[in-house]
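Visitor: My questions will all concern the structure given below.
The values are calculated or read from the model by the stated rules, or taken from the named source; none is laboratory data. Just so you know, these numbers come straight off a predicted model, no measurement behind them. Methodologically, a virtual Cβ is constructed for each residue, glycine included, from the backbone with ideal geometry; neighbour enumeration extends over all protein chains shown. We work out accessible area using only protein heavy atoms, side chains counted, and drop any ligands, DNA or RNA first. Shrake-Rupley method; radii C 1.70, N 1.55, O 1.52, S 1.80 Å.
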Amino acid sequence: MKRVLVGIPLALLILVVLLALAIALVPTRWLADRIELLVQASTGYAVAISVLELDLLSLHPSVRILDVDVDGHELAALVRNADLNVEVALMPLFRGQLLIERVQLANATVLARRDKDGRSTWAAAPVEQRAESASDASFPTLPAIEQLLVENVTLRLEDAVSGREASLAAAARGSTLDRVQPLTLDLAGDIDNVEADVSLAIMSPAETLLLDAGIEIDLTATFGAITATLDGSIGDVAAFREVDLDLTVEAPDLVAIETLLASELPGLAPLRFSGTVMREDSELIVRRFDLTTSPFVVGGDVRFDRESLPPTLYANLIVSQLDVDALLATFGVNPDGVETRNQEPEGEAIAAKVRSGTRLLPDTPWPFDTLFNALQGAIDLDVDGISSNALPIEGIDARLELSPARLSLTIDELLAAGGNASGKLTFEPTEGGPLRVGDVDVLSATTAVELELAQIDMGQLLRKADLPEEAIDAGGRLGGKIKLWGEGASGAELAGTLDGGAFFLMSGGTVNAVFVELAGLDLFQSLGDVLVPGEEQVPIRCAYVDLHTEAGLVTINDLILDTDDTVFLGKGTVNLDNEEIGLTLEPHPKDPSLLAASTAVEVGGTFAKPEISVDGSLAARAAAMVLLSQVAAPALALLPLIELGGADDSPFCSEIDGALD
């Protein structure tokens, strides 16, 4: 038995020595040629080895390959002048283990070049595909390397298609067997003449670095003025799963990125991001992140799964600071005129429609099909500290829910113009799916909106609307409720099917703000001249309007506007389907001596071409007073939504005002 135990290792040693002698006696040029053919057959790249040196009769067998060139299938010179030296420990081979004592790569230039015709040095020739085994499908295991050294290696990029250029010096060192000596990679140079520097360390949670067992990484990178750090672990390197990484990015400016992308970016700098990036199964998660930019500061959590259909997004976002004007400006939108760099101003487009007499409501189909199928999930948004010269919004607390069957926006609180609003907007695709309209599939949706307004300061709204100076103090307090629903593929189609109703109550303000200053249109100037002749500012004690709509036909059940001297009554219809107007406004002076001068005004025509006619006959005074008392009752439901001032001589306002006491 002892002879057997001693004889087997001895026989193996003799076999290895004989094999080494056989290989050592083979001409190295012949071996180099065989290696070149093998590499080309398996990779598609042409390899040329100038010198092959073997030292196999040693306790540390080594192979040196000098002055190696690699050419792509389309263009030559992928790699030039590379030197490779590999030393192996002999004794572990007798135990069936491969231990590489030293790997050294030096003096190489790697050139990624693409010409203007799209040919590149990295394109490989087609190779014969062999059947893939189960072991081939697994992630490759790093060999046991005691010492890795990469030095004097240059990475270059010359891309005639994109115009990109880069030159980076690369160096690496470390071990796959010793955590004290982690694998490190350093890159330094420039990309498109912007200084770049990368330092990466790769370690294993265990003593030996095995990629299929997970890795720990520590990365620091600078690109121009931008600095980024990334550290943490990756459990499944092959699938990039079981990821837990802490990421920080600081960018005093975005000049480096703009140079790299050759395009202008939104002016978000200075920018700082910090958060934890995770990967669980197919979900990418960003937890406890903070993003600070010049227009806004936002934090929260985001979960995204791109493998679901449609992709799934859940987000909880808390915005502690938001400069709306600055944010709009970064994306090329003028916050005063609300227009983009490449889009015709909305006001000019509407004016053109008015001049041509065409319909004003937009008939361009909305992209419902894209909206319903883009994402599923939910986004919770809490925005505080909003500042804007163009929009009277101070804060918002809302939730957006998305699915292929329903989109809904729930507004728990919208702080605007000194008051607040709340409500819900929903969209559901109509049955039957998209309809073919010309060459386009158009999807219609059922839309419903419920909205409640409380304590809205119309004066703030008018100031934000950039109306003339006279309108600054013209608005009063507004409250109201809206409940509408309809179906359509565009704004015009939806408006033509609307059902539901709305009512509003306002206190304070002036008639000129309502009739004269609104949008600066001649129609309202004419109404002001007829209803309040010779008056520039007529104070409003209170106003009330009750609307009902069915199949796009809006009926004004009651419209009352009470001033110091006159009560204005209104009735009529507005047809949203054909955009026709049929309204009557009647002034009812409180002074009997002015009754003869009272004139009713009828507004007809269409949205694009409204027409005004004057009617000298008015409804009976008694009927008007009865109407006031009837309207007061339903208006009482709106009392919590506004604040009313005094109304000593108003049958309508005094009854409401008394109910507040």
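Visitor: In nm, to one decimal, how far is the E36 label point from the D441 one, both placed 7 Å along Cα→Cβ?
Guide: My value for the distance between the label points is 5.6 nm.
Visitor: Using 0.36 nm times the number of residues separating K609 and A169, minus their current alpha carbon distance, what extension gain do you get? Each step should come with its number before you reach the end.
Guide: Working: separation 440, 0.36 × 440 = 158.40 nm, distance 7.11 nm.
Extra length available between K609 and A169 comes to 151.3 nm.
Visitor: Given the whole protein assembly as supplied and a 1.4 Å probe, what does the accessible area of L291 come to in Å², nearest 10?
Guide: Here the residue's solvent-accessible area equals roughly 40 Å².
Visitor: Apply the a/c threshold of 1.5 to the C-alpha gyration tensor of region 162-313 and tell me whether it is rounded, prolate or oblate. Intermediate results must be reported in sequence, preceding the final value.
Guide: Numbers: a/c = 1.92, a/b = 1.14, b/c = 1.69.
Verdict is oblate for region 162-313.
Visitor: Express in % the proportion of alpha carbon pairs of region 383-422 at distances exceeding 16 Å.
Guide: On the way: 339 of 780 pairs.
Beyond 16 Å sits 43 percent of the P(r) for region 383-422.
Visitor: Of N389, L402, N373, whose Cα points farthest to the positive end of the dipole of region 371-416 (charges on the beta-carbon: +1 Lys, Arg; -1 Asp, Glu; origin at the Cα centre)?
Guide: Working it through, the farthest residue towards the positive pole turns out to be N373.
Visitor: So who's got an amide H within less than 5 Å of the one on R113, skipping anything under 5 residues away but keeping other chains? H placed 1.01 Å off N, in plane.
Guide: Excluding prolines and chain starts, which carry no amide H, the hits are T121, W122, E158.
Visitor: Over region 52-112, what is the relative contact order in percent, taking alpha-carbon pairs closer than 8 angstrom and at least six residues apart? Intermediate results must be reported in sequence, preceding the final value.
Guide: Working: 124 pairs, mean separation 18.0, N = 61.
Relative CO of region 52-112 lands at 30 percent.
Visitor: Right, another one. If a/c stays under 1.5 just call it rounded; otherwise compare a/b with b/c (prolate if a/b is bigger, oblate if not). Do that for region 242-330, with a ≥ b ≥ c from the square roots of the Cα gyration tensor eigenvalues. Numbers along the way, then the final one.
Guide: On the way: a/c = 1.81, a/b = 1.57, b/c = 1.15.
Here region 242-330 falls in the prolate category.
Visitor: Can you pull the one-decimal nm distance between simple spin-label points at D236 and R272, each 7 Å off the Cα toward Cβ?
Guide: It is 3.6 nm.
Visitor: Now for a separate question. Tell me, what is the 1.4 Å probe accessible area of K571, in Å² to the nearest 10?
Guide: K571 has an accessible surface of roughly 100 Å² with all protein chains in place.
Visitor: For A125 and L265 in the same chain, what is the full-extension length gain: residue separation times 0.36 nm, less their Cα-Cα distance, in nm?
Guide: Values: separation 140, 0.36 × 140 = 50.40 nm, distance 3.88 nm.
Separation in residues times 0.36 nm, less the Cα-Cα distance, equals 46.5 nm.
Visitor: May I ask you to rank R303, R80 by accessible area, largest first, using a 1.4 Å probe over the protein chains only? Walk me through the intermediate numbers first.
Guide: Values: R303 90, R80 65 Å².
The residues order as R303, R80, largest area first.
Visitor: Okay, moving on. Share of Cα-Cα pairs in region 367-456 beyond 15 Å, in percent?
Guide: Details: 2625 of 4005 pairs.
So the pairs more than 15 Å apart make up 66 percent of the total in region 367-456.
Visitor: In what sequence, largest accessible area first, do T292, T410 appear using a 1.4 Å probe?
Guide: T292, T410
Visitor: In the full protein assembly as shown, how much of T370 is accessible to a 1.4 Å probe, in Å² to the nearest 10?
Guide: T370 has an accessible surface of roughly 90 Å² with all protein chains in place.
Visitor: Once neighbouring chains are kept in place and the probe is 1.4 Å, which whole percent of the accessible area of region 360-413 is contributed by carbon and sulfur?
Guide: Numbers: 1630 of 2870 Å².
So the carbon and sulfur contribution to the accessible surface is 57 percent.
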